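None of the figures in this text is laboratory data; all of them are computed from the coordinates on show. Note that the coordinates shown come from a computational prediction; the quantities given were computed from them, not determined experimentally. Because the Cβ atoms are built from the backbone with ideal geometry, glycine has one as well, and the counts that use them run over all protein chains shown.
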Amino acid sequence: MSTVRAKLKGKAIRRTGPYPLGEITDAVATSIGMRIVHRLAVGHADITGDDFGGIFASAISGVHRGKPLGIADVEWNGCAWSIKTVQAKKPFEQTSIRVISGRNSPSYSSDIPNPFADIQATGRAVLEIWNARVDEALHSHDDLRILVIIRNMDTLEFTLFEHEGARFIPTEYTWSLNKEKNFEAYDARGEHCFTWQPHGSQFTILHRVPSSAYRFRILKRPAMVPEKLVLEMVKFDSSWIQHVT
């Protein structure tokens, strides 16, 4: 079902993405799969977040930023995506995932020298850092999405889903310490939503995988293109190498 936008008064035109939010098309998935096959053929056994940012940008004829703007990694016609990758043994069956979502340092950003002194204040500061990054991305884009690919590079199975890149209301979560002394945030229903590690400042968001997620499999693993053939194709010769003394 396509997303229908409400009509608003005024002359401003809001740009949208190449497809409605959360409705990844067969064409985009095929284009992503084609580029994964290419990477396998030239010897890349895995896909990092940065790799997938480039793959997705090419698949939609977008731009992959060398440095994120807030959380925006890929841009297309005023729409932006934050790209995340997760490994799983069974991507088609995964119902929830943990997504590393940046390094949020309250000591640097909020002048909190001891994060354990006030756990709730530290937790709120962690979410405020995320919110500031979302604000920065939305300042330059009309639409902000989080795109996640769950991958198994052995079975070549992949699950894709996306959702709106949103701010969090810090007061809606309660923080506590787990047995590893990491911070965990829970909502009013008692659901675990975030984890923050004071050593390294790593911020993790927990997501449920929607039933509408796009799932695909690559049926044939390509043979690796020999190094010699690649060099012949680009017409390499030893004159390309300059020896500097």
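What to note about this one:
- Modelled this way, with points 7 Å down the Cα-to-C-beta line, the labels at Ala166 and Leu69 are 2.4 nm from one another.
- What the Cβ-Cβ distance of Ser61 and Asp118 gives, at R0 = 51 Å and to the nearest 0.05, is a FRET efficiency of 0.60.
- Note: relative contact order over the chain, using C-alpha pairs below 8 Å and six or more positions apart, is 21 percent.
- If you run the Gaussian network model on the chain, springs between alpha carbon atoms under 10 Å, then out of Lys235, Lys179, Lys90 the most flexible one is Lys235.
- Long-range HN-HN contacts of Arg65 with modeled amide H, under 5 Å: Val74, Glu75
- Of [x] 13.9; [y] 20.0; [z] 20.8, the label for mean projected area of the Cα convex hull in nm² derived from the coordinates: [y]
- The chain - mean residue ellipticity at 222 nm from DSSP helices (-39,500 (n - 2.57) per run, n ≥ 4, rounded to 500): -7500 deg cm²/dmol
- C-alpha long axis of helix 119-140 to longest principal axis of the chain, angle in °: 50 degrees
- With each label modelled as a point 7 angstrom along the Cα→C-beta vector, the Val230-Lys181 pair spans 4.5 nm.
- Gain on full stretching of the segment that runs from Gln202 to Gln87 - 0.36 nm per residue minus C-alpha separation: 39.6 nm
- Under a model in which nothing but the beta-carbon of Lys, Arg (+1) and Asp, Glu (-1) is charged, the chain shows a dipole of about 540 debye around its Cα centre.
- For Ser101, the amide hydrogen comes within under 5 Å of the amide hydrogens of Phe203, Thr204, Ile205, counting only partners 5 or more places away or on other chains and with H modelled in the peptide plane.
- Per-residue 3J(HN,Hα) values for segment 59-68, derived from phi via the Karplus relation 6.51 cos²θ - 1.76 cosθ + 1.60 with θ = phi - 60°, read 5, 10, 6, x, 10, 9, 6, x, 9, x Hz in sequence order (x marks Gly and Pro).
- Given R0 = 51 Å, the distance between the Cβ atoms of Ala223 and Ser140 translates into a calculated FRET efficiency of 0.75.
- Average Cα contact separation per residue, segment 19-95, under 8 Å, 6 or more apart, as relative contact order %: 20 percent
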